[in-house]
Ligand code: UDP
Ligand code: MN
């Protein structure tokens, strides 16, 4: 157990972390009903870890009305962002570079100016323990990308909402595009001093642990993997693409070469939350609607 002295120091330095901080938020994004499944599990995983910040999900008009109701049971705010109807400069950015659609949607998190600081998490991430300490970091903090560590991975980042920054980001998108066609390339070229300027803005890898690459340095995974706080299911196969047997708690592809043991254990946590907390929400909403 931790020494008493360090406990006292922690509560002396940041007593505020024990209660709700209403001007800070965890933010995610889901542009369709499929990614909403990820957002729901992510939101629930944050609630399971003594949530002290607001939970916000950005959605686009494609998200169905059923999913909006389900999302509203897990998130404090479900905010629709509409690229086409928004301010003119957004419209222009979108028309000039339609391939950046989802990317520009992610950038909308900077418009959440009712919050002083936020942590963005991709809808394909899963929180395994409380991560409130991320709010002690400044903009722009992120963890290295496993594929190119001089770039950050944009699946988890700390930012400060600001209409000015939002405008500059969109301007950057129209002027320079994105070297990978997505938000990560754009954000890396915008926050280009990340790799050299301030080590405090490098989040430890345990805040954005790629589920499918961790094993490539397996002694490190053995040493540090158990401290993982946020798992990121990056790449083309997402947790909702696997099949899960709720009776046995196992994945159908377990033991195959496609799924490593580490991956399987994280996928099982994801599916456990989905079956234990999210599917029952659908059932209770259906019951309510039948009796209405
Ligand atoms: N996203 C979305 N709809 C899409 C694709 C992406 O809402 O069709 C959002 C979602 O929050 C997702 C994030 O954008 O987690 C980044 O995409 P993804 O996680 O698929 O990229 P990867 O992390 O695999 O590079
Ligand atoms: Mn992702």
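State, to one decimal in nm, how far the label point of residue 148 lies from the label point of residue 258, with both points 7 Å from Cα in the Cβ direction.
2.8 nm
Can you give the calculated 222 nm mean residue ellipticity of the chain, where each DSSP H run of n ≥ 4 adds -39,500 (n - 2.57) and the sum is split over every residue, rounded to the nearest 500 deg cm²/dmol? Intermediate values should be presented prior to the final figure.
On the way: 11 runs with 110 residues, N = 292.
Per the formula, -11000 deg cm²/dmol.
How high is the relative contact order of the chain, in percent, counting Cα pairs under 8 Å that sit 6 or more residues apart? Kindly include the intermediate steps, with their values, before the conclusion.
Working: 451 pairs, mean separation 50.1, N = 292.
Over the chain, the number comes to 17 percent.
Enumerate the whole-percent occupancy of each 10 Å bin, from 0 to the last occupied one, for all C-alpha pair distances of the chain.
Once binned at 10 Å, the Cα pair distances of the chain give 6, 26, 35, 24, 8, 1.
Can you give the alpha-carbon Rg of the stretch 113-188 over 2.2 N^0.38 Å, where N counts its residues?
On the way: Rg = 13.2 Å, N = 76, 2.2 N^0.38 = 11.4 Å.
Ratio of Rg to 2.2 N^0.38 Å for the stretch 113-188: 1.16.
With label points built 7 Å along Cα→Cβ from the Cα atoms of residue 222 and residue 286, find their separation and express it in nm.
Computed distance between label sites residue 222 and residue 286 equals 4.7 nm.
Give me the distance in nm between label points sitting 7 Å out from Cα along the Cα-to-Cβ direction at residue 245 and residue 162, one decimal.
Here the answer is 5.4 nm between the modelled labels.
Please find, in a Gaussian network model of the chain (springs between Cα atoms separated by less than 10 Å), the residue of 163, 209, 71 whose mean-square fluctuation is greatest.
Per the Cα network of the chain with a 10 Å cutoff, 163 tops the list.
For the stretch 61-170, what is the Kirkwood estimate of the hydrodynamic radius, computed as the reciprocal of the mean inverse distance between distinct Cα atoms, to one decimal in Å?
Values: mean 1/r = 0.0635 Å⁻¹.
15.7 Å is the Kirkwood radius here.
Only the coordinates and a few stated rules stand behind these numbers; no lab work does. Remember, predicted model here, so these are calculated numbers, not experimental data. Note: ideal-geometry Cβ built from the backbone for every residue, glycine included; neighbour counts use all protein chains shown.
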